[in-house]
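Below is one structure; the comments refer to it alone.
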């Protein structure tokens, strides 16, 4: 084991030395380099920062990294230059852009310079799944990996005080700056955007001016990084019965949307639903939905900012708790939990909105949420102030 550990870090350190050849190219002060989910899409927090720059600071050049399988099909604004993840141009621009924005981690072989600014927005808030060093399987290499990452990162965006303690400090071992601005992607939840609701309903063919409700089912990721599964349980969500329960509870027409996690390969669900997996913006789906069903996904934190009803469907709860773990005991979560379809149906029919609001408000206060309508402005302001110190 020790031999493998030293071989790994030896190879990484060797490649870091080789890639320093890119130091011969000067850093471009007007360049921002973006990557979301390691090149899997044009989305999440990096997208919101990118669009803010496009609207407010057009003088900056923007480069986005995309994996080869989506490079030709991904849709981006015309002012953005696309590069293939891992290519020569990828290395050139990541090594010469003054500012780098990501919602994940880069390979440790990339020797980011001290005169560059790397902001990690991460891609989830709340108090749900344990990650990295707080997970069930920390390792010596993992510890080394995060120490190496922390030499590259200038700051983490923080969604709450609790997030700083549990994720940034304890899980990622990061001791540097945190930007107390909230996640840029969540700014939309503090605004009135009727055009977004109309656009989304038109996309799915749902009438805009009726009293119907949109119920969104958005489960989290399970499994390895490239082949996730929908659930570790054989009991999948009974869409038909859940749909009927919501119509009985709220006495109105209900449309059921299903959004699979981007890493889930076998993501099919039985029943009649509107497939929202390919819809480009998850935050639009959350903003426009009236009710959310999830399991351990951080989208519950996002959705909770609007004080809309949230239900947890977790048939593999025990397995997930044993294999991954949670920062807060599930009994402390402010949402009703169904460990099977019957429990979920019972929680829908007996749902007390006033009790939910009280529990959700108390939870947000305990975690000391930083989420607000100006998250992107505050994040970019921090970056510009940092640029002046370099």
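Each value in this text was obtained by applying a stated rule to the coordinates, not by laboratory testing. What you see is a predicted model; the values in this text were computed from it and never measured. Note that we place each Cβ from the backbone using ideal geometry, even for glycine, and neighbour counts take in every protein chain shown.
Of all the options 247, 366, 332, the one that moves most in a Gaussian network model of the chain with Cα springs shorter than 10 angstrom is 332. For the chain, the longest principal axis of the Cα atoms and the long axis of helix 353-367 meet at an angle of about 20 degrees.
Relative to the longest principal axis of the Cα atoms of the chain, the long axis of helix 2-19 lies at roughly 60 degrees.
The GNM of the chain, with springs linking C-alpha atoms under 10 angstrom apart, assigns the highest mean-square fluctuation among 63, 310, 24 to 24.
Arrange 371, 51 by Cβ neighbour counts within 10 Å, fewest through most, would you? Could you put the intermediate results ahead of the total?
Details: 371 21, 51 16.
Arranged by neighbour count, lowest to highest, 371, 51 become 51, 371.
In the chain, what percentage of the DSSP-assigned beta bridges are antiparallel, given to the nearest 5?
Details: 3 of 43 bridges.
The antiparallel proportion sits near 5 percent.
Would you mind ranking 18, 131, 99, 83 by Cβ crowding within 10 Å, fewest neighbours first?
Numbers: 18 11, 131 17, 99 26, 83 21.
Placing the least packed residue first, the sequence is 18, 131, 83, 99.
Here the ratio of the Cα radius of gyration of the chain to 2.2 N^0.38 Å is 1.01.
Note on residue 169/residue 107: beta-carbon distance plugged into 1/(1 + (r/R0)^6) with R0 of 25 Å gives a FRET efficiency of 0.60.
For a distance above 20 Å, tell me the whole-number percent of Cα pairs in segment 192-360 that qualify. Percentage above 20 Å: 50. The angle between the Cα long axis of helix 239-250 and the main principal axis of the chain comes to about 70°, on a 0 to 90 degree scale. Comparing 217, 326, 204 in a Gaussian network model of the chain (Cα springs below 10 Å), the most mobile by mean-square fluctuation is 204.
Mean projected area of the convex hull spanned by the Cα atoms of segment 311-386, taken over all viewing directions: 7.5 nm².
Could you please rank 139, 50, 350, placing first whichever residue has the fewest other Cβ atoms within 10 Å of its Cβ? Write down the numbers at each step before the final one.
On the way: 139 12, 50 24, 350 9.
Arranged by neighbour count, lowest to highest, 139, 50, 350 become 350, 139, 50.
For segment 77-126, just say rounded, prolate or oblate: build the C-alpha gyration tensor, square-root its eigenvalues into a ≥ b ≥ c, call rounded for a/c under 1.5, and beyond that prolate if a/b exceeds b/c, oblate if not.
Details: a/c = 1.61, a/b = 1.20, b/c = 1.34.
Oblate, since a/c reaches 1.5 and b/c is not below a/b.
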